[in-house]
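Input: a single structure, listed below in structure tokens.
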Amino acid sequence: MNSLFVDNTVFITRLKAGHIGRLVQALFEEWHGFEPWSSVDKIHAYYGRCLKDDELPLAFAAVDDSGILLGSATVKRHDMESFPQYEYWLGDVFVLPEYRGKGIGRRLVAHCIGAARSLGIKFLYLYTPDVQIFYESFGWAVVGRHFHNGEWVTVMRLDVDKV
Ligand SMILES: CC(C)(COP(=O)(O)OP(=O)(O)OC[C@H]1O[C@@H](n2cnc3c(N)ncnc32)[C@H](O)[C@@H]1OP(=O)(O)O)[C@@H](O)C(=O)NCCC(=O)NCCS
């Protein structure tokens with residue numbers, strides 16, 4: 001499967017039902033220590049909610065030219081209960097381990113910014129434990145640090161119109 005992947009053949013689409021099984025398995029393996037990702041059933045139910053047309057959460061999939069899932073990211077509302085004043089968030093940015101470092105994360109994030117812009121979203125928030133530099137390269141700025149789901153994370157804000 002890996003050998004078929006060439007990084008100039010990445011497409012970003014809406015997440016489809018057929019992607020969910022692989023995505024759930026990979027997310028559970030990576031993040032099961034964090035409460036929202038601690039059960040396969042819970043993750044499955046979450047992505048099921050992402051399949052509804054034109055309603056947040058909107059999940060996007062990176063796929064290769066055979067339709068193989070490479071990664072996913074979501075535009076969602078209120079990802080952190082501690083910040084009810086921050087409405088729109090980029091979340092669940094995830095590239096399957098075997099496809100990392102090939103520009104797929106960057107493609108997914110750029111696509112989500114474009115989706116947010118077309119929805120009229122002005123500010124897009126996110127939190128990250130350890131890849132602040134990755135998001136700063138798009139223009140996200142640090143809002144603060146917060147203890148969340150058992151770890152310290154950096155909360156960041158993007159002014160979508162300035163990208
Ligand atoms: C973080 C992640 C989404 C990046 O996706 P990717 O496809 O591997 O990244 P890309 O190849 O698009 O790299 C984009 C840039 O980010 C940098 N980068 C990637 N992973 C990084 C990391 N873990 N730490 C710091 N920088 C990183 C790359 O060096 C690259 O920089 P460049 O464009 O200047 O060369 C991916 O590694 C992943 O899924 N990690 C596990 C889950 C995770 O941490 N998600 C983010 C939650 S906030």
**Asked** Looking at Asp79, is it without any contact (Cβ under 8 Å) to a residue 60 or more places away in the chain, surrounded by fewer than 20 Cβ atoms within 10 Å (Cβ to Cβ) and of a type outside the set (A, V, I, L, M, F, W, C)?
**Response** no
**Request:** Among residues belonging to the stretch 80-99 that are over 14 Å from the mean Cα position of the chain (by Cα), farther than 14 Å from Met156 by Cα and of a type outside the set (Ser, Thr, Tyr), point out the one that is nearest to the ligand (Cβ to nearest atom).
**Result:** Pro97
**Request:** Write out, first by first residue and then by second, each pair whose Cβ atoms fall under 7 Å of each other, whose residues are 6+ apart or on separate chains, and whose first residue, in the stretch 133-160, is outside any strand (DSSP E or B) while the second is among the hydroxyl-bearing types (Ser, Thr, Tyr).
**Result:** Tyr135/Thr128
**Asked** For Arg117, are the conditions met, namely being surrounded by 13 or more Cβ atoms within 10 Å (Cβ to Cβ) and in contact (Cβ under 8 Å) with a residue 60 or more places away in the chain?
**Response** no
**Message:** Here are the criteria: (1) in contact with a helix residue (DSSP H, G or I) (Cβ under 8 Å, 6 or more places away or on another chain); (2) farther than 22 Å from Phe28 by Cα; (3) surrounded by fewer than 18 Cβ atoms within 10 Å (Cβ to Cβ). Tell me which single one Asp65 does not satisfy.
**Reply:** (1)
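Bear in mind these aren't lab numbers, they're just calculated from the coordinates by the rules spelled out. In this text, all values refer to a predicted model and were calculated from it rather than measured experimentally. When we count neighbours, we look across all protein chains shown, and the Cβ atoms used for this are built from the backbone with ideal geometry, even at glycine.
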